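> Submitted below is the structure of interest, expressed as structure tokens.
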Amino acid sequence: MRSNLGFFSDEKFRSIFFQTLVVGLFALGLFFVISTTSYNLEKRNIATGWSFLQNPAGFDISFSPFLEFKSTDTHLKVYFVGVLNTLLVSITGCIAATILGFILGIVRLSSNWLLSRLVYIYVEFSRNVPLLLQIILWYSILIQLPRVKQSLQVLDVFYISNRGLYSPRPIFESGFSYVLIAIVLAFISSFLINRWAKKRQDKTGQQFPVFSSSIGLIFIVPLILFFILGSPLSFEHPELKGFNFKGGLVIRPEFIAMFLALSIYTAAFISEIVRAGIMSVSKGQREASAAIGLKQTWIMRLIIIPQALRVIVPPLTSQYLNLTKNSSLGIAVGYADLVHGFGGISLNQTGQAIECMAIVMATYLSISLTISFFMNIYNRSIQFKEK
Amino acid sequence: MKKLLSIFAVVAFAFSAHAGTLDDVKNRGFLKCGVTTGLAGFAAPDDSGEWAGLDADMCRAVAVAVFGDRSKVEFITTTGKSRFPTLASGEVDMLARNTTWTISRDVNLGFEFVGVNFYDGQGFMVPSALGVSSATELDGATVCIQTGTTTELNLADFFRLNGISYEALPIETNDEGKENLFAGRCDVYTTDASGLSSTRAAASNPDKWVVLPEIISKEPLGPLVRHGDHQWGDVVRWSLNAMIIAEELGITSENVDAQMSSNVPEVLRLLGVEGNYGEMLELSNDWAYQIIKQIGNYSESYEANVGPDTPLEIARGLNALWTQGGILYAPPFR
């Protein structure tokens, strides 16, 4: 029997054989896909290559808060505008979803029946309605706001219409940089004070009012400096001229719809993750910390949350990844993200579908891997350290 | 292993080898035609759910040429963006979708425009309440624009040329454009003038909207097929030409049977009484007769879908025959 099977009876050989087979089949499949694609591209006379990136785009992108974009700029710049817009909505969305998710997760566990039920309804609703519909819902609500000529005026300086939220734009005059430097220094010294106070508390048990002194440093010192320097800051107010408001800062309804939908949708998932994390901390921990006389807020902050985070962070990372990838739905409301601008308009104007899609995919992959990388570092830092 | 290799070979063959599109269509039993997601007058489902319009007629004419049956066509909706990949991948056999013939599409994208079934130009539509009378007064306006179109590029050029600014609001479909324009999210909607007429006709109160006089581009719209399949390209090209020639010769769906006994040689050639032009195209010899009988000539299709008596109210203008002040012209049928 043994002799019939020959090499196959050897476990090591078998393992190498099957691994080689799998890699070989994969390579063959890849080769097949690539050769078929290039063959068909050539057969249909579709030009390939990367030179189109340097060609002028020829179209305009209206939402580009970080880079100035003109129709004479290249497709490469369309790409950068898209990446920045994707990052903008992803990062703000992740921050808002985290804050909202934590609050809701904690409220869900509240002993207040009404509050906890309300959060339950919210979670079930937003988790179970497709995100695309939520984005379109928010957008349809936003474009039903008053027209630009009948804008709602709030506090005399903000204007709300279906063209977006217009607010004054701050203009930094000379001298304002000192204020910024003061703020940065204040942050650094607050951080140092915090470390010093912790050490002192460990040694002597004495506490230092870290929070109030940090607030003082960060807000009051720069504020005094600001007035000493003669208020080097002015505002450019939006004014209704012709068709639109001119000047000021504007937040577009496309962005608001994306931001609201993404953060509200993801917050529902995060709140469940937070709830699970908190519930994973054994009841005895809470009872023990109450027994030694800690305040309710301290129990949460010092005992429960640090332990819950170990359970929370890994699934939280995947929610961040989901949110970032979901931001590609911006196309539904014309939000000028990566997929809409470069992966959509550039692709269509140049016809370089494979190149554009490859770049877009590689970009999402890089963004996701970067998020994972940093979240993994954070995850390691909060894990239980065995001594 | 040998078996595996042969499977690969068969699959590879299936992927790479393309029989002619005409044979594919004949074997399948119906034509797959890419149209818009709904643009009244060009391609939109009518009250009974049937696709109707100038482009829809173009699709039906090709179906009639191949099968002699106007119902042998499946309409596949495409957006401004999805249309080219849909055609390139073979998901549709042809596009009749308000598509502008440009050099880059003809050459770089690997398509072949076989003719022009509507001469159009890009225009602007604004609410009449704005009191705007010329596109050059649109400085600072928000403009709704369909992405991935030639109009998007023309728009940027026009404003750059005139040194005025605008904000683009990118939209995907004509319906989205309508929604945003009617809600006041954008001040102006720009697309082909025919599309504007179609949008205006669909408004609850068309008088509240004006189409500005400027026409800022040439937009020859026509059917297109994949580059390289000349036989199929010829079938589509001559299906269109047959409708135009029929109008030139005064043959209509009403009188086509009587014309069979005409004494005009070109009429007899077109209707398949003389010559074997159908065979040259690998179609039946009465293909053009069937198109005229079942669809009508170009004028009939135009008047029924976009002409002055329809809600779109578009005069023939450039789309009149060359003999009547327009530029519609088909090569001779001989």
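The values are calculated or read from the model by the stated rules, or taken from the named source; none is laboratory data. Computed from a predicted model, the values in this text were never measured in an experiment. In this analysis, Cβ positions are derived from the backbone assuming ideal geometry, glycine residues included, and neighbour counts consider all displayed protein chains.
> Please work out which residue is farthest from A:T350 (Cα to Cα), limiting yourself to the stretch A:79-114 and to residues that are buried (at least 19 other Cβ atoms within 10 Å of the Cβ) and of a type in the set (G, A, S).
Looking at the filtered set, the residue picked out is A:G105.
> Give the stretch B:103-127 a look and list any residue that's modelled with pLDDT under 90 and either in a strand (DSSP E or B) or of a type in the set (S, T, N, Q) (or both), or say none.
B:S104, B:N108
> Here's something else I'd like to know. Which count do you get for residues in the stretch B:159-178 that are closer than 23 Å to A:E68 by Cα and either outside the structural domain of B:T191 (by TED's automatic domain parsing) or surrounded by fewer than 21 Cβ atoms within 10 Å (Cβ to Cβ) (or both)?
7
> Identify, by number, the condition in (1) within 13 Å of another protein chain (Cβ to nearest Cβ); (2) touching a Cys at 6+ places or on another chain (Cβ under 9 Å); (3) within 25 Å of A:P238 (Cα to Cα) that B:Y189 doesn't meet.
Every listed condition holds for B:Y189 apart from (1).
> Follow-up. Looking at the stretch B:69-93 only, could you name the residues that are under 15 Å from the mean Cα position of the chain (by Cα), at the interface with chain A (Cβ under 10 Å from one of its Cβ atoms) and polar (S, T, N, Q)?
Hit for the stretch B:69-93 is B:T79, nothing else.
> Another question, then. Would the stretch B:219-234 turn up any residue that is within 30 Å of A:G242 (Cα to Cα), within 14 Å of chain A (Cβ to nearest Cβ) and among the basic types (K, R)?
No - not one qualifying residue is present in the stretch B:219-234.
> Is it the case that A:F102 is assigned to a helix (DSSP H, G or I), under 21 Å from the mean Cα position of the chain (by Cα) and either over 30 Å from A:C356 (Cβ atoms) or modelled with pLDDT of 95 or more (or both)?
yes
> Right, something else. Looking at the stretch A:179-190, is at least one residue over 30 Å from A:I304 (Cα atoms), within 28 Å of the chain's Cα centre (by Cα) and within 14 Å of another protein chain (Cβ to nearest Cβ)?
no
> To continue, here is another question. Can you name the number of the only condition in (1) crowded, with 20+ Cβ neighbours inside 10 Å; (2) facing chain A (nearest Cβ under 8 Å); (3) within 26 Å of A:R147 (Cα to Cα) that B:Q146 fails?
Of (1) crowded, with 20+ Cβ neighbours inside 10 Å; (2) facing chain A (nearest Cβ under 8 Å); (3) within 26 Å of A:R147 (Cα to Cα), only one is false for B:Q146: (2).
> While we're looking at this one, here's another question. Take the conditions touching a strand residue (DSSP E or B) at 6+ places or on another chain (Cβ under 7 Å) and under 30 Å from A:T86 (Cβ atoms) and apply them to A:F176. Does it pass?
Answer is no for this residue.
> Can you name the number of the only condition in (1) surrounded by 19 or more Cβ atoms within 10 Å (Cβ to Cβ); (2) touching a Pro at 6+ places or on another chain (Cβ under 9 Å); (3) part of a helix (DSSP H, G or I) that A:Y178 fails?
The single condition A:Y178 does not satisfy is (1).
> In the stretch A:182-195, which residue that is touching a helix residue (DSSP H, G or I) at 6+ places or on another chain (Cβ under 9 Å) and surrounded by fewer than 14 Cβ atoms within 10 Å (Cβ to Cβ) is nearest to A:Q153 (Cα to Cα)?
The selected residue is A:F187.
> Would the stretch A:247-258 turn up any residue that is touching a Ser or Thr at 6+ places or on another chain (Cβ under 9 Å), assigned to a helix (DSSP H, G or I), among the small types (G, A, S) and touching a residue at least 12 places away in the same chain (Cβ under 8 Å)?
The answer is yes, given that some residue of the stretch A:247-258 is touching a Ser or Thr at 6+ places or on another chain (Cβ under 9 Å), assigned to a helix (DSSP H, G or I), among the small types (G, A, S) and touching a residue at least 12 places away in the same chain (Cβ under 8 Å).
> Restricting to the stretch A:210-248, name every residue that is surrounded by fewer than 17 Cβ atoms within 10 Å (Cβ to Cβ) and within 14 Å of another protein chain (Cβ to nearest Cβ).
A:E239, A:L240, A:K241, A:G242, A:K246, A:G247
> Here is a follow-up. Restricting the stretch B:29-72 to residues that are in a helix (DSSP H, G or I) and among the small types (G, A, S), which is surrounded by the fewest Cβ atoms within 10 Å (Cβ to Cβ)?
In this case the residue turns out to be B:A65.
> Under the condition of being in a loop (DSSP other than H, G, I, E, B) and surrounded by 10 or more Cβ atoms within 10 Å (Cβ to Cβ), which residue from the stretch A:18-54 is farthest from the other protein chains (Cβ to nearest Cβ)?
A:W50
> Going by the structure shown, is B:E282 modelled with pLDDT of 90 or more, on the phi > 0 side of the Ramachandran plot, in contact with a helix residue (DSSP H, G or I) (Cβ under 9 Å, 6 or more places away or on another chain) and not hydrophobic (A, V, I, L, M, F, W, C)?
For B:E282, the condition - modelled with pLDDT of 90 or more, on the phi > 0 side of the Ramachandran plot, in contact with a helix residue (DSSP H, G or I) (Cβ under 9 Å, 6 or more places away or on another chain) and not hydrophobic (A, V, I, L, M, F, W, C) - is met.
> Listed residues B:D139, B:D187, B:D207; which is over 22 Å from the mean Cα position of the chain (by Cα), at pLDDT 90 or above and at negative phi?
Testing whether each residue is over 22 Å from the mean Cα position of the chain (by Cα), at pLDDT 90 or above and at negative phi leaves just B:D187.
> Check off (1) modelled with pLDDT under 85; (2) surrounded by 14 or more Cβ atoms within 10 Å (Cβ to Cβ) for A:W138 and give me the number that stays unchecked.
Condition (1) is where A:W138 drops out.
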